[in-house]
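Let me begin by presenting the structure, written as structure tokens, before commenting on it.
The values are calculated or read from the model by the stated rules, or taken from the named source; none is laboratory data. Values in this document were obtained by computation on a predicted structure and should not be read as measured data. Every residue, glycine as well, gets a Cβ built from its backbone with ideal geometry; the counts of neighbours run over all protein chains shown. Protein only, heavy atoms only, side chains kept; ligands, DNA and RNA dropped before computing areas. Shrake-Rupley method; radii C 1.70, N 1.55, O 1.52, S 1.80 Å.
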Amino acid sequence: MRKRAEFLAARRGRRLNGPCFFIEARNRGDGTDPRVGLTVTKKVGNSVVRNRIRRRLREAIRLGAETEMVPGFDYVIVARREVRDMPFAALKDELSRRLARTKQPQGEPATAKRRDPERRSGSD
């Protein structure tokens, strides 16, 4: 993705928050190859740092997260400062995990239901 309008359209989609980045995912509905856009703001660092983060994200997508992407979707990955110091294996796993969540229906929780906090085990 290269055009501002495409990035703004993705903002109307689903937002998947994470500790080091968040992903905005929108279904275009055309079933073609998924498209990816990367955003790293100036708050993250100077141009050297921002470009390094972009390169790391592109490589993480290429090496494994690409298989988790759904055809017909636009993805915008907005990086935070923590991506710079994150181990690459952890970055790749976290990115794959976030992208896999786009396959779930929007109302469905990503984890199992939590137990009732009022209910205690083993005490009467």
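Here is a check on your reading of the model: is Thr67 hydroxyl-bearing (Ser, Thr, Tyr) and either at pLDDT 95 or above or in a loop (DSSP other than H, G, I, E, B) (or both)?
So Thr67 fails the test.
Based on what the data block shows, is Glu68 surrounded by 16 or more Cβ atoms within 10 Å (Cβ to Cβ), among the acidic types (Asp, Glu) and in contact (Cβ under 8 Å) with a residue 40 or more places away in the chain?
no
Contact list please: Cβ distance under 7 Å, first residue in region 96-116 and closer than 24 Å to Pro34 by Cβ and of a type in the set (Gly, Ala, Ser), second residue at pLDDT 55 or above and open to solvent by less than 60 Å² (accessible area, probe 1.4 Å), pairs at least six apart or on different chains.
Ser96/Gly64; Ser96/Ala65; Ser96/Glu68; Ala100/Glu68; Ala110/Gln104
For residues that are in a helix (DSSP H, G or I) and free of Cβ contacts under 8 Å to residues at least 40 places away in the same chain, scanning just region 1-34, find the one that is most open to solvent (accessible area, probe 1.4 Å).
Selected residue: Arg4.
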